[in-house]
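The values are calculated or read from the model by the stated rules, or taken from the named source; none is laboratory data. Worth saying up front: this structure is predicted, and the values here are computed from it rather than measured. Virtual Cβ from ideal backbone geometry, glycine too; neighbours counted across all protein chains shown.
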Amino acid sequence: MQPQAIAISSPQSRPAALRLMWLGLISAFLVLAQVVAASARPESLAPLAEKISPAVVNITTSTVVEGHTGPQGIVPEGSPFEDFFREFQDRNNGESNRPRRSSALGSGFVISEDGFIVTNNHVIEEADEIMIEFFPGEGQPKERLPAVVIGKDAKTDIALLKVEAPMPLTYVSFGDSDTARVGDWVLAMGNPLGQGFSVSAGIVSARNRELSGSYDDYIQTDAAINRGNSGGPLFNMDGDVVGVNTAILSPNGGSIGIGFSMASNVVSRVVDQLQEYGETRRGWLGVRIQNVDEDLADAMGLDNAIGALVTDVPEGPAKEAGLLAGDVILSFDGVDVDDTGALVRQVGNTEVGKAVRVLVHRDGGTQTVLVTLGRREDAERASGGDSQDNGQPDTTEKELLGLTVGTLTDEMRSELGASPETEGLVVLSVDEISEAWEKGLRAGDIITEAGQQKVSSISDLEARVEEANEAGRKSLLLLVRRNGEPRFVALNLSE
């Protein structure tokens, strides 16, 4: 019997065979990855929408508004139609002068089975009647229920309502908005344009947006948000609320894919306080601050342009603890401070009465100051005053750093509205091609400090310039007041 021949590939054919084998494996892997991805991504958002919809509510508010006298000046005097329109107005003035009710629509969501509901403050702010309509379905109240306002916060535009329902209500929970990533899927639910319960889908477009408030922390989304969606929830794919739909950016009042939802981590803290106290209780440090730019950092000997620069310390917790104008707050309660916005939010979120360690940059080094926080709401109700500097008048004038400066006189103080105790140098004119002009300094500004030391004469300012040059600084830090408001400005010494 002849032995059976066994085919053995030649050395030249082996690389081609290996390539074919690897290509086959790669193709199989890609197909498997597509199958896994398809199985991980839901074919429909319907199951999630069905789960969370019962907790979303429509809100109708009504307000009594005064009547009006009807149209005036429709036709000019002497017109042949004047008598006709006067008769029409006289006939209808009786109706138009009577008070009437004005209605508005919004959205909200239930956060507890006993009937607490979250919405926007602007939805219910001036309402004298608030009615809640629940999502239709079994186990839900079929009739509209009246709601009462438990508390509201204009700074974050959040309000907490309460209804008395005949049964436990379906509710949703707050998620951790800090875990929301740009590109994550989200669902917006509410009552857009009065059309009733509606859901729209999109992604997280951006994080940490600020619009106008001190405590702003908005999630930007392209999920469709329109009028009537205000106060409605923004859900993640786990069915947790990560935002409260509050505002849109639009030239025509309709959605163009730029909507803003207040982050749930801000909302949940406000809601907790409203539920417990009926009002907010934010921490208060008691300083005026500004951001640190590169020039300020260089003038103050900081390695990086970070922190919050204290421009003034009126009466309050910070002054009692020893914080000074010119300090740069680097950390608060063990957390690094990147800028003024971060500090304001962190202080506001800290418990009133808590003793907090504040790390500051001062006189080229760092110091830790222990501050016991007050309550911001109390401080806002009370009147505060500016701290004032003392010095000796000087009538000398001189050009320095693109400025013509002179010491204050009593007549100047009166003209500028400064207090009699205010001392320093007054800016008489500013070179319009100088850095000082570019940074906003103008005639009438009062320089009270240079190089973080008080100045009351031209010689004081010249000494600060000389000291900065000897120390190798590129710029000099000035504390400037305008209409009583202080701010720091760093000017280049080459001017």
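Brief remarks follow.
- For the stretch 148-170, residues that are more than 19 Å from Val266 (Cα to Cα) and either in the same structural domain as Asp216 (by TED's automatic domain parsing) or within 28 Å of the chain's Cα centre (by Cα) (or both) total 3.
- Once the stretch 103-126 is narrowed to residues that are assigned to a loop (DSSP other than H, G, I, E, B) and within 25 Å of the chain's Cα centre (by Cα), the residue that is nearest to Lys155 (Cα to Cα) is Glu125.
- Leading residue by the ranking (farthest from Trp284 (Cα to Cα)) among those in the stretch 214-246 that are part of a loop (DSSP other than H, G, I, E, B) and polar (S, T, N, Q): Asn226
- Answer residue from the stretch 229-265, given it is surrounded by fewer than 24 Cβ atoms within 10 Å (Cβ to Cβ) and β-branched (Val, Ile, Thr) and is nearest to Val123 (Cα to Cα) among those: Ile248
- Sole exception among (1) at pLDDT 95 or above; (2) assigned to a loop (DSSP other than H, G, I, E, B) for Asp272, by number: (2)
- Residue match in the stretch 204-226 (condition: under 21 Å from the mean Cα position of the chain (by Cα), closer than 24 Å to Gly139 by Cα and crowded, with 20+ Cβ neighbours inside 10 Å): no
- Failed item, numbered, when Leu187 is tested on (1) under 29 Å from the mean Cα position of the chain (by Cα); (2) part of a strand (DSSP E or B); (3) within 12 Å of Gly108 (Cβ to Cβ); (4) of a type outside the set (Gly, Ala, Ser): (3)
- Here is the figure for the stretch 248-273: residues that are closer than 19 Å to Val199 by Cβ and in contact with a Gly (Cβ under 7 Å, 6 or more places away or on another chain) total 3.
- Scan the stretch 434-461 for residues that are outside any loop (DSSP other than H, G, I, E, B) and under 23 Å from Glu411 (Cα atoms) and the total you get is 9.
- Against the numbered list (1) over 22 Å from Thr60 (Cα atoms); (2) assigned to a loop (DSSP other than H, G, I, E, B); (3) modelled with pLDDT of 95 or more, Ser205 comes up short only at (2).
- Selection count where residues are crowded, with 16+ Cβ neighbours inside 10 Å and within 16 Å of Phe488 (Cα to Cα), scope the stretch 431-443: 4
- Residues in the stretch 350-365 that are without any contact (Cβ under 8 Å) to a residue 24 or more places away in the chain and not in a strand (DSSP E or B): Gly353 alone.
- Leu479 vs. criteria in contact (Cβ under 8 Å) with a residue 12 or more places away in the chain, in a loop (DSSP other than H, G, I, E, B), aliphatic (A, V, I, L, M) and surrounded by 15 or more Cβ atoms within 10 Å (Cβ to Cβ): no
- Some residue of the stretch 265-285 being in contact with a helix residue (DSSP H, G or I) (Cβ under 6 Å, 6 or more places away or on another chain), in contact (Cβ under 8 Å) with a residue 40 or more places away in the chain, farther than 26 Å from Arg181 by Cα and among the small types (Gly, Ala, Ser): yes
- Residues that are of a type outside the set (Asp, Glu) and either in a strand (DSSP E or B) or at pLDDT below 90 (or both) within the stretch 283-295 comprise Gly283, Trp284, Arg288, Ile289, Gln290, Asn291, listed in sequence order.
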